[in-house]
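We did not get these values from a lab; they are worked out from the coordinates using the rules stated. Since this is a predicted model, take the numbers as computed values, not measurements. All Cβ positions, even for glycine, are placed from backbone atoms using ideal geometry, and neighbour counts span all protein chains on display.
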Amino acid sequence: MNDTASHENRMFPPAALPGLPALDKTAGMNRVLFLLSLSVFINYIDRSNLAIAAPLVQHELGISYSQLGILFSAFFWTYGLMQIPAGWLVDRFDVKWVFGAGFFVWSAATAVTGTLHGFVALIVIRVILGVGESIVFPSCSKILGSHFVEKRRGFPNAMLMAGLSLGPALGILLGGVVVARFGWRPFFVTLGLASLLWLVPWLAWMPRRSSQPVLSRRMGFLRILRERSAWGTCLGQFCINYYLYFLVMWLPSYLVRGRNFSANDMAKAGSLVFFLSAVSTTAWGKLCDRWMNTGASLTSVRKSSMVLGHIGIGISLAATAFTQGAVFIAMLALTGIFLGISVCNSWAITQTLAGPLAAGRWTGLQNFVGNLAGWVAPALTGILVDKTGSFRWAFFITASFAWLGAVSWGWVVGPVEQCDWGKHARTGLVTSAAADTLSP
């Protein structure tokens, strides 16, 4: 790590950065980590619940696969566009209140969805849902990047990714049963209203920020884009989100329409993918922390994990489209395992590269580019299925993006170490001082 970064770490340990109150490691931080993981869990149920109800919604509204793809992607229009403002907000203001406000908006939007009857109205509420959910990952990166040292971020980030996987897993498993029995509207209303209970412990347990680091206020997105690794993480996140959103949005419909699964069989097979992803990412995150504690470098551990996960999920996705019977189920299981491996280190890399002072902005920028995949993957898949009558091309294209992600994380992203943000600030101060000296 460079001298400036080391100097900053000596002055401000990760748990005691200016403006970020230290949390008790055994109680306060664990409670906050639990709430963050739970919020990601709720987040992914709320964004994937439309996929669970898709067959019923499609039948009720009489819409085509292309229109269903547009409905899926509408969430990502604002979710992606709001990432950069969200990153700025959590770096500039108290993350406690910013995150709380976003959580309220998306939970309310979920509840309202169950009362709507028109295609256009559903698009509008999905857009609002995207605004609320945009705050999640910039907030999580800000908190984890500020309160966990690099060698201990693997497991906390894995817990967030476990929440990401468990959301669709339980959503498909239980949501499929609930929707089949009671209909999709009660499912949405109950889920949205019940989620609001999360705000009670969040407001009680998450401490307020006392002040704002000066350098964080001066940090700009253009400065982040000067870093080659920023381009690598952005492209890598796009590839992750492409295959993640393909699975979240289209796997239930694929199992029902493409494989003729019943609703119950769809719930079991679809949830298997995400349950295995949750187990895989938790175990792999813990393994990565132990691997580094034995002396392995941060760069080798984080990047090799990303490359392995991306290559593996690309192979399993391609094989899924062409297999049958027990082999097909085995390929779904491997897809879940490699999904967990491929996502558990992505935000840990970003948190290290950005450091506490730029974690919110870098995450917002990375997630903005990454969620452009949400604009493309759901809609393109629907168009391909309408045109070809098959999901095979959609699976092959998704696998190709997974392999592109391996290249990005492995070779475009540089060494995993904190960028020297202070160098930029010092250069600006020297230039300003020289100008003052030369001025009459």
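Quick notes
- Listed residues Val124, Ile84, Asn30: farthest to the positive end of the dipole of region 27-151 (Cβ charges): Asn30
- Positive-end residue, region 217-271 charge dipole about Cα centroid, Cβ charges, pick of Thr233, Ala269, Leu244: Thr233
- Measuring how big region 50-104 is from its alpha-carbon positions, Rg and Dmax come out at 16.1, 45 Å.
- Relative contact order of region 75-230, pairs being alpha-carbon contacts under 8 Å that are 6 or more residues apart, as %: 37
- Residue order, fewest to most beta carbons within 10 Å, for Tyr243, Tyr44: Tyr44, Tyr243
- Ratio of Rg to Rh for region 265-325: 1.10 [Cα atoms; Kirkwood radius as inverse mean 1/r over pairs].
- Every Cα-Cα pair in the chain was counted, and those over 42 Å apart are 13% of them.
- Seen from Leu129, the other residues with C-beta closer than 14 Å to its C-beta sum to a net charge of 0, counting Lys and Arg as +1 and Asp and Glu as -1.
- From largest to smallest, the equivalent ellipsoid semi-axes obtained for region 349-413 from the alpha-carbon gyration tensor read 31, 15, 6 Å.
- For the listed residue pairs Lys96/Lys286; Lys142/Lys303; Lys142/Lys286; Lys142/Lys387, the alpha carbons are over 32 angstrom apart in Lys142/Lys387.
- Anisotropy class of region 227-316 from Cα gyration tensor, a/c 1.5 cut: oblate
- Simple Cβ-charge dipole of the chain, Lys/Arg +1 and Asp/Glu -1, about Cα centre, in debye nearest 20: 300
- Mean ellipticity per residue at 222 nm, deg cm²/dmol - from DSSP H runs of n ≥ 4 across the chain, formula -39500 (n - 2.57): -26500 deg cm²/dmol
- Segments 135-142, 369-376 sorted - mean Cβ within 10 Å per residue, highest first: 135-142, 369-376
- Considering all different alpha carbon pairs of region 73-129, the Kirkwood hydrodynamic radius works out to 12.2 Å.
- In terms of surrounding Cβ atoms within a 10 Å radius of their Cβ, Trp393, Trp291 rank from fewest to most as Trp393, Trp291.
- Ratio of the Cα radius of gyration of region 143-208 to 2.2 N^0.38 Å, where N counts its residues: 1.51
- Within region 271-403, the proportion of Cα pairs with more than 19 Å between them is 59 percent.
- In region 59-176, inverting the average of 1/r over every pair of distinct C-alpha atoms gives 16.0 Å as the Kirkwood radius.
- Across the chain, C-alpha contacts under 8 Å between residues 6 or more apart give a mean separation that, scaled by the residue count, equals a relative contact order of 28 percent.
- Arranged from fewest to most other beta-carbon atoms within 10 Å of their beta carbon, Lys286, Lys96 become Lys286, Lys96.
- The phi torsions of region 408-419, fed into the Karplus equation with coefficients 6.51, -1.76 and 1.60 and a -60° offset, translate into couplings of 5, 5, x, 10, 7, 5, x, x, 7, 8, 5, 5 Hz, rounded to whole numbers, with Gly and Pro shown as x.
- Taking every alpha-carbon pair under 8 Å whose residues sit at least 6 apart, region 255-363 reaches a relative contact order of 35 percent.
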